[in-house]
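Read the structure below first, then the notes.
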Amino acid sequence: MRASVTDLPVKFAEVVILAGGVAILDRVSIDLAAGQPTVLIGPNGSGKTTLLRAAMGLVRASRGRITWGGRETSPPTRRAIVLQRPVHLRRSVAGNVAYALAAAGVPRAQRERRGTELLSLVGLQGLGGRPARQLSGGEQQRLSLARALARDPAVLFLDEPTASLDPVATKEIEDIVRSISGRGVKVVMATHDLGEAKRLAGEIVLLHRGRILESGRAQDFFAAPMTDEGRKFTAGELLV
Amino acid sequence: MQENASAVQLVLSGDPTLFAIVWLSLSVSLSAAFCAAVIGVPLGALLALTRFRGREPVIVVLNALMGLPPVVVGLAVFLALSRSGPLGSWGLLFTPPAMVVAQTVLVTPIIAALTRQTIEDLWVEYRDEFAAMNIGPLRRVVTLVWDARFSLVTTLLAGFGRAAAEVGAIIIVGGNIEGYTRTMTTAIALETSKGDLSLAIGLGMVLISIIILISALAWGARRAGERLAG
Amino acid sequence: MTDFKPNRRSFIAAAAFSLVAFAAAPGGAQTERSIVVASTTSTQDSGLFDYLLPIVKQQTGVTVKVVAQGTGQALDTARRGDADVVFVHAKSEELKFLAEGEGVKRYPVMYNDFVLIGPHSDPAGIRGMKDVGKALQSIKDQRASFISRGDRSGTHLAELNLWQDSGVDIDKARGPWYKSIGQGMGAALNTAAASDAYTLSDRATWIHFKNKGDLTILVEGDRRLFNQYGVILVNPSKHPNVKQALGQQFIDFLISPAGQKAIGAYKIDGQQLFHPNAKDAGA
């Protein structure tokens, strides 16, 4: 078991985030606690990405408060995020992981061992010497996961990690996410894929136009959604 | 045509005067490129990564300075280094260090401007990842410069090429003194004016070969960069 | 993780190596016994320095670094304190230089002569004339192409004096036929050869010049074509950095019997170019 997780719960209290006069997040209150993965669902532009970035600490709230483990500020040493279109450094796969480990403060002597472990974890062992930008889409996404895990995070934010992947690659990613969650890392993931939400979620948060319409346990939501949008989504319709 | 033949002979025979001139040219231009890099790369990186009022005009001016006419630079440095000028007590006029100074002034804007462009382009790519990994400012600069190293090498080679090819600045501040400040380009100018075209052509051939070599190195650097980074 | 360390190390090593290798190369030769002599491009183009300076070094141990410019420029360089000695051929300018207190004393050294060069076809019909004034008049009357150095050099000033002597007001008479190029003797000869034009050249540069094309000597021997050289030590009272002792050693050698003999011995194609006349007080 790992040490006590001090960033959790991540709480949003009536958070508003404005950009160019428009409210990307509109009075959002949410409580991300340790446990099962929380999956954010909703159409593009609903604010999922912004919510993830704000929870990571990359974006400040215009109004309202965000707290990590009760604190108003917290250095992001035990949090990690995988962005929607991750950009890898112009180096090899192993080089990218080594870089992430160095950035996370892992001492030089341990980096090689940890790096190899991480590559095995995401199934990229043997590809260490390949230039990162030559990997396939799925492989690049797994590398992003390895980089994020290099920080030994207590919370891992994922922004639509399988959005551009084929079913095989998608399954690989989902398996890795499941195993990460199983090791005690809190996973907060955005997706607009109904099936994926069903497969991975312990908790569902439905976002629409910057507002939270529904949130709760996944099985409750899928059994009986309470809003129109919720019903549309679970019926497989597109939300606009 | 006869001149071309004797020019080739001169080069191949290993004429010591010729090679002394070539050696001086290379050391002056390489030193200048190095100094320009020491000043220009950090300057360019700084300009790429910081935001301040007046940044846009500074970039425009820097880009314009890439086209500084060498004779103008030569004249300015000449007046500065002359005994009756502000830096006269250094006694540098008509010596190789004066030529290095003039060429450094000429080449620094090129290196700074191209570095700024390279670093800024890479910065735009890496910015989000830096934020996501919580990378501090110093490490960001180091990472950008390191990852851009092949492009930066190309930039340095461009700077060196510019220095090696110019004559206007160094003939003024160096004085084209035989055995001391006579480089390939200034010797070509002199020998042409003396009507001794075979030596001038011989030097010209060596100079062009060097420039082609630089171009090949730059190409090699780009390829190496592509292969490594993918 | 093998890609990270070795690459960075070898990169830095390569950079350091080139730094060391090339930083050593261009050093200022400040500690040796050397002086800077401001002289003229005609003198340099004649090849005199290539011949004479090794002899100077051997006899006096002084290394002479010649910066070759036009006479006006050479004197200006000395006025700025950037030269130790001036060695030019424009007496009026040299006397003015002394009058300004910029120089210590003027010593006559040698003379050579000018020749009027032109194309073999000689459109102005001046071949063999003994009177250079009449020859120039003829060139002007025929509007034949003439190249002037136009660079305040000794040769240029001599040319202007000759026009004046021949009764031609060149400022009024000049037209497209008179091309002032603002460059040295070699450049002027190149231009004349390329465009079949007339020009005034010192004999030494002419003989030494390898790109004669269709040009040939048309007028020579007139006394007015004689070109006197003088050498002056730059005044150390005005410019403390002047290497007085070494500069004076160079001057002393030039006017010594050994130096004068060496000057007279310089020949191209068997022709003597410079006539030593340090003894001629009025020169």
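The values are calculated or read from the model by the stated rules, or taken from the named source; none is laboratory data. Computed from a predicted structure; not experimentally measured. Virtual Cβ from ideal backbone geometry, glycine too; neighbours counted across all protein chains shown.
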message: away from chain C (no Cβ under 14 Å), in a helix (DSSP H, G or I) and surrounded by fewer than 18 Cβ atoms within 10 Å (Cβ to Cβ): is that true of B:Arg127 in this structure?
response: yes
- prompt: Inside segment C:231-247, can you point out the residues that are touching an Asp or Glu at 6+ places or on another chain (Cβ under 7 Å) and in a loop (DSSP other than H, G, I, E, B)?
  reply: C:Asn235, C:Lys238, C:Val242, C:Lys243
message: For segment B:44-93, which positions are at positive phi and at pLDDT 90 or above?
response: B:Gly54
query: Which one of these does C:Ala204 not meet: (1) at pLDDT 90 or above; (2) assigned to a helix (DSSP H, G or I)?
result: (1)
query: Can you name the residue in segment C:76-107 that is among the aliphatic types (A, V, I, L, M) and more than 13 Å from every other protein chain (Cβ to nearest Cβ) and, of all such residues, is nearest to C:Pro236 (Cα to Cα)?
result: C:Val104
query: What number of residues within segment A:1-32 satisfy the criterion of being under 26 Å from A:Leu194 (Cβ atoms) and free of Cβ contacts under 8 Å to residues at least 40 places away in the same chain?
result: 1
message: Here's a check for you: in segment A:51-80, which residue that is among the β-branched types (Val, Ile, Thr) and touching a residue at least 40 places away in the same chain (Cβ under 8 Å) is nearest to the other protein chains (Cβ to nearest Cβ)?
response: A:Thr77
query: Tally time: how many residues in segment B:132-147 are more than 7 Å from every other protein chain (Cβ to nearest Cβ), free of Cβ contacts under 8 Å to residues at least 60 places away in the same chain and among the hydrophobic types (A, V, I, L, M, F, W, C)?
result: 3
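Being more than 22 Å from the chain's Cα centre (by Cα), surrounded by fewer than 22 Cβ atoms within 10 Å (Cβ to Cβ), away from every other protein chain (no Cβ under 12 Å) and not acidic (Asp, Glu): is that true of B:Pro86 here?
yes
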- prompt: Are any residues in segment C:180-227 within 11 Å of another protein chain (Cβ to nearest Cβ), under 16 Å from the mean Cα position of the chain (by Cα) and hydroxyl-bearing (Ser, Thr, Tyr), and if so, which ones?
  reply: C:Thr205
- line: Subset of segment A:105-140, residues in contact with a Lys or Arg (Cβ under 8 Å, 6 or more places away or on another chain) and within 8 Å of another protein chain (Cβ to nearest Cβ), comes to A:Pro131, A:Ala132, A:Arg133
- prompt: Considering C:Gly81, C:Gly118, which residue is crowded, with 24+ Cβ neighbours inside 10 Å and out of contact with any helix residue (DSSP H, G or I) (no Cβ under 6 Å at 6 or more places or on another chain)?
  reply: C:Gly118
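Specify which of the listed residues (B:Val41, B:Val28, B:Val11) is β-branched (Val, Ile, Thr) and modelled with pLDDT under 90. I'd like the intermediate steps shown before the answer.
Working: B:Val41 fails: modelled with pLDDT under 90; B:Val28 fails: modelled with pLDDT under 90.
Selected residue: B:Val11, the only one of B:Val41, B:Val28, B:Val11 that is β-branched (Val, Ile, Thr) and modelled with pLDDT under 90.
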task: Could you identify the single residue in C:Asp222, C:Asp280, C:Asp269, C:Asp252 that is surrounded by fewer than 17 Cβ atoms within 10 Å (Cβ to Cβ), more than 23 Å from C:Ala68 (Cβ to Cβ) and of a type in the set (D, E, K, R)?
output: C:Asp280
query: Of all residues in segment A:1-57 being in contact with a helix residue (DSSP H, G or I) (Cβ under 8 Å, 6 or more places away or on another chain) and on the phi > 0 side of the Ramachandran plot, which is surrounded by the fewest Cβ atoms within 10 Å (Cβ to Cβ)?
result: A:Gly57
- request: Please give the number of the condition B:Val101 fails out of (1) within 18 Å of B:Ile59 (Cβ to Cβ); (2) within 11 Å of another protein chain (Cβ to nearest Cβ).
  value: (1)
query: Where residues in segment B:167-212 are acidic (Asp, Glu) and not in a helix (DSSP H, G or I), which of them is nearest to the other protein chains (Cβ to nearest Cβ)?
result: B:Asp196
query: If you scan segment C:48-75, which residues turn out to be surrounded by 19 or more Cβ atoms within 10 Å (Cβ to Cβ) and either within 10 Å of chain B (Cβ to nearest Cβ) or of a type in the set (Lys, Arg) (or both)?
result: C:Phe49, C:Leu53, C:Val64, C:Lys65, C:Val66, C:Val67, C:Ala68, C:Gln69
message: Can you say whether A:Ala154 is over 11 Å from the mean Cα position of the chain (by Cα) and among the aliphatic types (A, V, I, L, M), as far as the supplied structure shows?
response: yes
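Does B:Leu152 satisfy the condition of being within 13 Å of chain C (Cβ to nearest Cβ) and touching a residue at least 60 places away in the same chain (Cβ under 8 Å)? Step through it out loud before you land on a result.
Values: within 13 Å of chain C (Cβ to nearest Cβ): yes; touching a residue at least 60 places away in the same chain (Cβ under 8 Å): yes.
Criteria met by B:Leu152.
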- prompt: With respect to B:Ala80, is the statement that it is without any contact (Cβ under 8 Å) to a residue 60 or more places away in the chain, assigned to a helix (DSSP H, G or I) and either acidic (Asp, Glu) or away from chain C (no Cβ under 14 Å) (or both) true?
  reply: no
field: Pick from segment B:45-71, criterion loosely packed, with under 13 Cβ neighbours inside 10 Å and within 20 Å of B:Ala33 (Cβ to Cβ), ranking: farthest from the other protein chains (Cβ to nearest Cβ)
entry: B:Gly67
message: For segment C:179-201, give me each residue that is surrounded by fewer than 20 Cβ atoms within 10 Å (Cβ to Cβ), touching a Lys or Arg at 6+ places or on another chain (Cβ under 9 Å) and in a strand (DSSP E or B).
response: C:Ser180
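Look through A:Ala102, A:Ala98 and report the one residue that is touching a Gly at 6+ places or on another chain (Cβ under 9 Å) and without any contact (Cβ under 8 Å) to a residue 24 or more places away in the chain. Outline the logic, then answer.
Working: A:Ala102 fails: touching a Gly at 6+ places or on another chain (Cβ under 9 Å).
Within the list A:Ala102, A:Ala98, the selection yields A:Ala98.
Within segment A:143-240, considering only helices (runs of 4 or more DSSP H) that don't extend past its boundaries, which have at least 1 residues that are farther than 30 Å from A:Glu117 by Cα and touching a residue at least 12 places away in the same chain (Cβ under 8 Å)?
Details: elements: A:167-182, A:194-200, A:218-223, A:228-234.
Those helices (runs of 4 or more DSSP H) span A:194-200, A:218-223, A:228-234.
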- prompt: Looking at (1) more than 14 Å from every other protein chain (Cβ to nearest Cβ); (2) in contact with a strand residue (DSSP E or B) (Cβ under 6 Å, 6 or more places away or on another chain); (3) farther than 20 Å from A:Val177 by Cα; (4) not small (Gly, Ala, Ser), can you tell me which one A:Ile41 breaks?
  reply: (3)
field: Condition met for B:Gly85 (in contact with a helix residue (DSSP H, G or I) (Cβ under 7 Å, 6 or more places away or on another chain) and more than 29 Å from B:Ile59 (Cβ to Cβ))
entry: yes
Residue within segment C:66-80 that is under 17 Å from C:Ile251 (Cα atoms), outside any helix (DSSP H, G or I), outside the structural domain of C:Ala194 (by TED's automatic domain parsing) and not β-branched (Val, Ile, Thr) present: no
